[in-house]
2 protein chains.
Amino acid sequence: MGEKMLPRAERRRRTEGRILDAARKLFAEVGYERATIRAIARSAEVDPALVMQYFGSKQELFQQAVRVVDADAATGGDDLVERLLATLGVKLGEMPRSSLAMMRSMLTHPEAAASARRTLGAQIDRLAESIPGEDARLRAALAMTVMVGVTVSHRLLELDELREAPPEEIARLLRPGLRALTGPDVS
Amino acid sequence: MGEKMLPRAERRRRTEGRILDAARKLFAEVGYERATIRAIARSAEVDPALVMQYFGSKQELFQQAVRVVDADAATGGDDLVERLLATLGVKLGEMPRSSLAMMRSMLTHPEAAASARRTLGAQIDRLAESIPGEDARLRAALAMTVMVGVTVSHRLLELDELREAPPEEIARLLRPGLRALTGPDVS
């Protein structure tokens, strides 16, 4: 059935979805500042005015585009470190565009920074619950910063050494450090 | 002696220095895109036209502002990991503005990204020389990504857990992981 035959609400829903996909892709590639409404509209094959009509502002479009479905990889029966490393494998391979878009802009765009702090904060909270000792929150935060460092270096800065390495190899090398951070005291 | 009494070349040198200081500060705080020539000129107390006259373009001003004096903390007699952790202490406490300016923009500005890759690449090269085994470069790259993760999370994202922790405590918790990454095989 052609788009023209669809009910108006359904057509609008599909167009919004296409705009959001294009926005996620561009925000992830070049960041908030450089992703123009014009370029997003061109990529979604709609008029720029329609983007503004549907989303009101670039800021609002960004917020909707980076809304991260929290996969909650830190629950389940497995070992804590193995779950973290499994998340990392996913991130290196096929991290959701919305997360990449948020990370790309988190150092220069206030809303992306706030969103990154919220997301990391929730992950730190969950992780800290499974870590023994008084410094559980600091340890959890450091474990997350290791994940942030690897993801930023691999997916956004695109360091050759990381891109050429199999995710299992990266996981193998990070395992002892993450075990030390999340296990009994290390001093 | 008042500025007016100085030779012209010396006056110009001082004004350029003031503009570069203001540029570093603003680039470090808000990133390349949001740091306008107008705001940099205001902070340096000069006319925006003078900034353009001296530096030609925002791009050129950025390049000169983020030129990092490579402190080369990874040479010297001490243990490899302790040297890395000492650098981290410096970074958390009083990282040079030029480095912060580069890191702030490295995910969204192509020149800052290239500059970050060059700087990290040189550090990975040096580190890899001291690491045994075939996967020395990957291990060195992962050690650097840990440093990147902590610096980004502490200085740019400003995670509470990290800002409230003494640098020695952060170093203590990261030590086992960095030892595993840079020492004999860990599998």
Checked against (1) of a type outside the set (Phe, Trp, Tyr); (2) at pLDDT 95 or above; (3) surrounded by 15 or more Cβ atoms within 10 Å (Cβ to Cβ), residue B:28 satisfies every condition except (2)
With criteria (1) more than 28 Å from residue B:30 (Cα to Cα); (2) within 10 Å of chain B (Cβ to nearest Cβ); (3) open to solvent by 30 Å² or more (accessible area, probe 1.4 Å), residue A:82 comes up short on (2)
- Task: Inspect all residues belonging to region B:168-182 and state whether any of them is in contact (Cβ under 8 Å) with a residue 24 or more places away in the chain, more than 7 Å from every other protein chain (Cβ to nearest Cβ), touching a Lys or Arg at 6+ places or on another chain (Cβ under 8 Å) and buried (at least 21 other Cβ atoms within 10 Å of the Cβ).
- Result: yes
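So which residues in region B:146-166 are more than 7 Å from every other protein chain (Cβ to nearest Cβ) and touching a His at 6+ places or on another chain (Cβ under 9 Å), if there are any at all?
B:163
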Taking region B:115-145 and keeping residues within 8 Å of chain A (Cβ to nearest Cβ), basic (Lys, Arg) and open to solvent by 10 Å² or more (accessible area, probe 1.4 Å) leaves B:117, B:137
Note on residue A:112: of the conditions (1) over 25 Å from residue B:138 (Cβ atoms); (2) over 12 Å from the mean Cα position of the chain (by Cα); (3) more than 7 Å from chain B (Cβ to nearest Cβ), unmet is (2)
For residue B:105, are the conditions met, namely being surrounded by 15 or more Cβ atoms within 10 Å (Cβ to Cβ) and either touching a Gly at 6+ places or on another chain (Cβ under 8 Å) or assigned by TED's automatic domain parsing to the domain that holds residue B:28 (or both)? yes
Item to complete: Tell me, yes or no, whether region B:129-144 has at least one residue that is at pLDDT 90 or above and over 24 Å from residue A:179 (Cβ atoms).
Response: yes
| query | Does any residue of region A:73-80 turn out to be assigned to a helix (DSSP H, G or I) and either within 27 Å of residue A:152 (Cβ to Cβ) or at pLDDT 95 or above (or both)? | reply | yes
Residues in region B:33-51 that are surrounded by 18 or more Cβ atoms within 10 Å (Cβ to Cβ), over 22 Å from the mean Cα position of the chain (by Cα) and over 22 Å from residue B:108 (Cβ atoms) total 2
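The values are calculated or read from the model by the stated rules, or taken from the named source; none is laboratory data. Worth saying up front: this structure is predicted, and the values here are computed from it rather than measured. Because the Cβ atoms are built from the backbone with ideal geometry, glycine has one as well, and the counts that use them run over all protein chains shown. When the accessible area is computed, the model is the full protein with side chains, heavy atoms only, and any ligands, DNA or RNA have been set aside. Shrake-Rupley method; radii C 1.70, N 1.55, O 1.52, S 1.80 Å.
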